[in-house]
2 protein chains.
Amino acid sequence: MKPKLQSPPSFEDISWVHQNIQSLIHRTPVMSCESLNQITGAQLFFKCENFQKIGAFKTRGASSAALFLTEAERKAGLATHSSGNHAQAVALTAQRQGMKAYIVMPDSSPAPKIAATKGYGAELFFCENTIEARQQKLEEVVARTGATFIHPFDDYHVIAGQATAAKELIEDTDGLDIVIAPIGGGGLMSGTALISKYLMPKAKVFGAEPRIVDDAFRSVKSGKVEVNTRIDTIADGLRTNLSEKTFDIISRQVDQIFTVTEEEIIQAMRLIWERMKLVIEPSSAVPFAAVLSHPASFRGQKIGIILTGGNVDLDRLPWIK
Amino acid sequence: MKPKLQSPPSFEDISWVHQNIQSLIHRTPVMSCESLNQITGAQLFFKCENFQKIGAFKTRGASSAALFLTEAERKAGLATHSSGNHAQAVALTAQRQGMKAYIVMPDSSPAPKIAATKGYGAELFFCENTIEARQQKLEEVVARTGATFIHPFDDYHVIAGQATAAKELIEDTDGLDIVIAPIGGGGLMSGTALISKYLMPKAKVFGAEPRIVDDAFRSVKSGKVEVNTRIDTIADGLRTNLSEKTFDIISRQVDQIFTVTEEEIIQAMRLIWERMKLVIEPSSAVPFAAVLSHPASFRGQKIGIILTGGNVDLDRLPWIK
């Protein structure tokens, strides 16, 4: 049993987590693509977390959080609220380790996501699709079951797990000038920035955000957590605001945040499908969209890009009207 | 300079080809997927030729054919007729080796395929979309240029190249009970069958075809090359009939040919996109469709499946009406 982390994970914390979640995650491949290198004039290395268990990097964070539970906590199980990849990640993590999982989902969640989460043996609770309703329902569930709430990003253990994606990316490439990840709640970005600075102090760490949910960009500028006033981006994994923990890490460790338009996200997503033959979700395309739309910042560089996931509604592709 | 092959490639021929095309092809990954294993009750190993250069296995055959050219032939260049992956493979092969490529394409070919083939520096010639018009135009081009016609499949050198996909698949897995590939003109199937029987004499080699272009199935039954009377399958890479050379190899070496419906192809394709996050073209889904629709022949087996390519029109997905 490892004591719970009280501060941003150190290199040793991330390494320990990485070693101990090996059996719960895939070491996903790093892929490159000559034609995208030509288009960008850069050398791009894509970390394919779309091939991760449950189809997204979130398995890393949930697996990591479970490492820090006491025996009593393990017996009571895990809880979270999410309509997306984090719900499936918590459900899978619990199932693989013989724990119970209690997941609060908005009753408007797509049927396949509900089915997938149920498929991992989780008990589901439905609520209205507001932050308040979710939190209230979650509090009820936690009060009744004693389960441990696994926050999707405002949690150092989760951040340590998400850091392992960039750790593998760095280990499996031969030196990078830039590492870039998308920013939603900031868990992946925080982990990516920490490990990149530990392992490659001279490399730049960039974040990328849809312009219409540019809370991280504005937060870093103003020096406090800003919130989004609209969330209608196609990049549904990036609608969340930063938390105090992720804001603190990102504002110290991330060198620059780029914002991109919806059209740029769609074009970048399509290019990756077409040239790399990879199914990725819109959120995954945001860093590559930043590379395409800010060429002067990237040309000639060796760039590690985290493709965060591939869970997309195949019935509704954004370029098909 | 290697003498031209006068008979089906031996193990030594295929190994020599494989060694000598290394710099022209990618060694593509073999991927597996827990949820597809669960659905089928089998262990599936997918050889991802959608990640091959030009997005399909055809690069192997064209690269192989180029190895057997005389100096005079190399100077005169390569020619072929194709609206699809073979055209791009021949064009790329020529470009990489400083040869000229002359490609005859139907004037109805999709703009992206025309652009891609031109992008590899080939000279294009357009004709009506009939077999006769293509052949006539090709003969004109060959007569004028002296270029060597690289047939897409009725060519032992091409067959030897296509065999290298299954060779890598077998080398990168730990024993297979079954290897299965789709059958169009039969070049990939012939190469796959030869190398599989050389390396794993006890393994079964299966072919898979869309039911509405089941010429190979009927040919093996009747003992002579049968032709398709309709070609309106979604699996556009598999509309071609066998040739004498491929029929001869397939009728001796392939243990069984399965046929599948269009609906089964679409479902199999979608499952691979959804669960494996791989963009594959419809032809690639045909062997997996056979596994899904003939469970008794596959359950409990270790199965190598060749995913042939990923060049698909992203504006028109078959499950979106």
Inset, instruction - Among DSSP beta bridges lying fully in the range A:78-146, give the percent that are antiparallel, nearest 5. - result: 0 percent
Inset, instruction - Once you have a ≥ b ≥ c as the square roots of the Cα gyration tensor eigenvalues for the range A:182-321, tell me rounded if a/c is under 1.5, and otherwise prolate or oblate according to whether a/b is larger than b/c. - result: oblate
Legend entry - Net dipole in debye of the range B:78-146 [+1 Lys, Arg Cβ; -1 Asp, Glu Cβ; about Cα centre; nearest 20]: 300 debye
Legend entry - Folded to 0 to 90 degrees: helix B:131-145 orientation relative to chain B principal axis, Cα: 40 degrees
Inset, instruction - Could you tally the net charge around residue B:60, taking each other residue with its Cβ under 14 Å from the Cβ of residue B:60, Lys/Arg +1 and Asp/Glu -1? - result: +2
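Determine the shape class of the range A:78-146: with a ≥ b ≥ c the square roots of the Cα gyration tensor eigenvalues, call it rounded for a/c under 1.5, and otherwise prolate if a/b is greater than b/c, oblate otherwise.
Oblate.
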Inset, instruction - Select from B:198, B:120, B:156 the residue whose mean-square fluctuation is largest in a Gaussian network model of chain B (Cα-Cα springs shorter than 10 Å). - result: B:198
Legend entry - Relative contact order, percent, the range B:78-146 [alpha-carbon distance under 8 Å, six or more residues apart]: 34 percent
Inset, instruction - Could I have the simple spin-label model distance between residue B:35 and residue A:313, label points 7 Å from Cα toward Cβ, reported in nm to one decimal? - result: 1.7 nm
Inset, instruction - Keeping all protein chains in position, work out how much accessible area residue A:151 exposes to a 1.4 Å probe, and write it in Å² to the nearest 10. - result: 50 Å²
Legend entry - Residue of B:90, B:213, B:142 that the Gaussian network model of chain B assigns the largest fluctuation, springs spanning Cα pairs under 10 Å: B:142
Inset, instruction - For residue B:7, put the label point 7 Å out on the Cα→Cβ axis and report which residues of the range B:152-195 keep their amide N under 19 Å from it. - result: B:155-161, B:190-195
Legend entry - Mean-position separation - Cα centroids, the range A:88-118 and the range B:214-287, in angstrom: 38 Å
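Give me the accessible area buried between chains A and B, both sides summed, with a 1.4 Å probe, in Å² rounded to the nearest 100.
Numbers: alone 13560 and 13550 Å², together 25280 Å².
Chains A and B together bury roughly 1800 Å² of accessible area.
Give me the net charge for the shell around residue B:194: Cβ to Cβ below 13 angstrom, other residues only, Lys and Arg +1, Asp and Glu -1.
Combined, the nearby Lys, Arg, Asp and Glu give +1.
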Inset, instruction - Determine the residues within the range A:279-321 where the difference in accessible area between the chain on its own and the full set of protein chains amounts to at least 20 Å²; count protein heavy atoms only and use a 1.4 Å probe. - result: A:279, A:314, A:315, A:317, A:319, A:320
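Translational D (Stokes-Einstein, µm²/s) of the range B:20-71 at 20 °C and 1.002 mPa s when Rh comes from the Kirkwood sum over C-alpha pairs? Show your work: numbers first, answer last.
On the way: Rh = 12.9 Å.
For these conditions, the coefficient is 166 µm²/s.
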Legend entry - Separation of alpha-carbon centers, the range A:158-200 and the range B:1-66, rounded to whole Å: 34 Å
Legend entry - Among A:89, A:203, A:235, residue whose mean-square fluctuation peaks in a GNM of chain A (springs only between Cα atoms under 10 Å): A:203
Inset, instruction - Take every DSSP beta bridge with both residues inside chain A and express the antiparallel ones as a percent of the total, to the nearest 5. - result: 10 percent
Inset, instruction - Set the Förster radius R0 to 60 Å, insert the Cβ-Cβ distance between residue A:252 and residue B:224 as r into 1/(1 + (r/R0)^6), and round the FRET efficiency to 0.05. - result: 0.20
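Provide the gained length on full extension for the span residue B:261 to residue B:296, in nm with one decimal, where the gain is 0.36 nm per separating residue minus the Cα-Cα distance.
On the way: separation 35, 0.36 × 35 = 12.60 nm, distance 1.76 nm.
Once the chain is fully extended between residue B:261 and residue B:296, it gains 10.8 nm.
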Legend entry - Helix A:262-276 axis, angle to chain A major axis (alpha carbon atoms, nearest 10°): 80 degrees
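How high is the relative contact order of the range A:8-90, given as a whole-number percent (alpha carbon pairs under 8 Å, six or more residues apart)? The partial results should precede the final answer.
Working: 66 pairs, mean separation 21.9, N = 83.
With pairs under 8 Å counted, the relative contact order is 26 percent.
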Legend entry - Proximal aspartates and glutamates relative to residue B:2, as straight alpha-carbon distance under 12 Å, when same-chain residues fewer than 8 apart are discounted: B:13, B:71
Inset, instruction - Please quote Rg/Rh for the protein assembly as shown to two decimal places, taking the Kirkwood radius as Rh and restricting both calculations to Cα atoms. - result: 1.01
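So what is the relative contact order of chain B, in percent, for Cα pairs below 8 Å that sit 6 or more residues apart?
On the way: 687 pairs, mean separation 67.3, N = 321.
In percent, rounded to a whole number, it is 21.
How large a share of the accessible area of the range A:75-127, in percent, is made up of carbon and sulfur atoms when the probe is 1.4 Å and the other protein chains stay in place? Intermediate results must be reported in sequence, preceding the final value.
On the way: 1060 of 1990 Å².
Whole-percent figure for carbon plus sulfur exposure: 53.
Quick one: grab the alpha carbon gyration tensor of chain A, order the square roots of its eigenvalues as a ≥ b ≥ c, and give me rounded if a/c is under 1.5, else prolate or oblate depending on whether a/b is larger than b/c. Numbers along the way, then the final one.
On the way: a/c = 1.58, a/b = 1.35, b/c = 1.18.
It comes out prolate by the Cα gyration axes.
Restricting to bridges with both residues inside the protein assembly as shown, how much of the DSSP beta-bridge set is antiparallel, in percent to the nearest 5? Could you put the intermediate results ahead of the total?
Values: 7 of 67 bridges.
Antiparallel bridges make up about 10 percent of those DSSP assigns within the protein assembly as shown.
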Legend entry - Helix A:187-199 vs. chain A, principal-axis angle (Cα, 0 to 90°, nearest 10): 60 degrees
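Within the range B:19-73, what whole-number % of the accessible surface is contributed by carbon and sulfur, with the 1.4 Å probe and all protein chains included in the calculation? If you can, show how the numbers build up before the last one.
Details: 920 of 1920 Å².
Using a 1.4 Å probe with all protein chains present, the range B:19-73 comes out at 48 percent carbon and sulfur.
The values are calculated or read from the model by the stated rules, or taken from the named source; none is laboratory data. Computed from a predicted structure; not experimentally measured. Positions of Cβ are generated from backbone atoms using ideal geometry, with glycine treated the same way; all protein chains shown enter the neighbour counts. In case anyone asks, the SASA skips ligands and DNA or RNA and just uses the protein heavy atoms, side chains included. Shrake-Rupley method; radii C 1.70, N 1.55, O 1.52, S 1.80 Å.
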